[in-house]
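Shown next, in structure tokens, is the structure this report addresses.
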């Protein structure tokens, strides 16, 4: 992980006189619409002393408007070729660049004193879901998350039980966060333009745990199994974890399908598990 502290001059200099071709392997679609960027900054509402961490600053379209309101900003960028572009376009306010893969980053390493992190960014579509799961594992040190996602992914995160888009991503994100869909963004706001619509969302970690679970990893395993084959009943999809009797003990009908389950029902199911089979002695 390479880190450098730099200063800022202005957003207009970056990406215009120093062309950088978007790279498909990095899932790069650069924002350029000033109205959308303004709406994003207003939704984030940064305070001067916030510890803001931007994932994938790209050419700095969101970075520098944020720095106009911040004393300091941390930006995580994987593309080495974008680092000098950001460095050359900085003065006035401090920008701390970390050249790293956000999926491999331990966010505890960049936490500042007693301040929680505010995560922002235009996430690459191809790895947005893994990044969100990675961030969820650090929810105890995160104040909030404001990210731009493919609309389909955002809809799945916010989906209610019983809807066609409700699934594992819905349950796990709603377990860690309160979710809000803020506004949609058309393809024309990006270069190159993606083939899909985007949505800017807010994820806020729950102020208190939504349930007391001794082994949270069981929730993930139960939910993954339940939604792996959506048309199966819970009796069949969870048979490796729970007997039909145990499912009933959690006040759940074993004949139900996963897509009908609320978060609270999934939590109830994860509190009981079939005891491991005893190995026979010879």
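Taking helices (runs of 4 or more DSSP H) as the structural unit, those lying wholly within segment 165-270 and holding at least 3 residues that are modelled with pLDDT under 80 correspond to 216-228, 263-270. All of (1) without any contact (Cβ under 8 Å) to a residue 40 or more places away in the chain; (2) in contact with a helix residue (DSSP H, G or I) (Cβ under 8 Å, 6 or more places away or on another chain); (3) in a loop (DSSP other than H, G, I, E, B) hold for residue 75 with one exception: (3). Considering (1) within 10 Å of the chain's Cα centre (by Cα); (2) surrounded by fewer than 16 Cβ atoms within 10 Å (Cβ to Cβ), the lone condition that residue 137 does not fulfil carries the number (1). For residue 209, the conditions (1) surrounded by fewer than 20 Cβ atoms within 10 Å (Cβ to Cβ); (2) over 21 Å from residue 61 (Cα atoms); (3) in contact with a strand residue (DSSP E or B) (Cβ under 8 Å, 6 or more places away or on another chain) are fulfilled apart from (3).
Tell me the residue from 130, 84 that is under 21 Å from residue 66 (Cβ atoms), surrounded by fewer than 17 Cβ atoms within 10 Å (Cβ to Cβ) and out of contact with any strand residue (DSSP E or B) (no Cβ under 9 Å at 6 or more places or on another chain), please.
Details: 130 fails: under 21 Å from residue 66 (Cβ atoms).
Of 130, 84, the one residue that is under 21 Å from residue 66 (Cβ atoms), surrounded by fewer than 17 Cβ atoms within 10 Å (Cβ to Cβ) and out of contact with any strand residue (DSSP E or B) (no Cβ under 9 Å at 6 or more places or on another chain) is 84.
The values are calculated or read from the model by the stated rules, or taken from the named source; none is laboratory data. Note that the structure is a prediction, hence the values are computed from the model and not measured. A quick note on method: Cβ atoms are made from the backbone with ideal geometry, for glycine too, and the neighbour counts reach across all protein chains shown.
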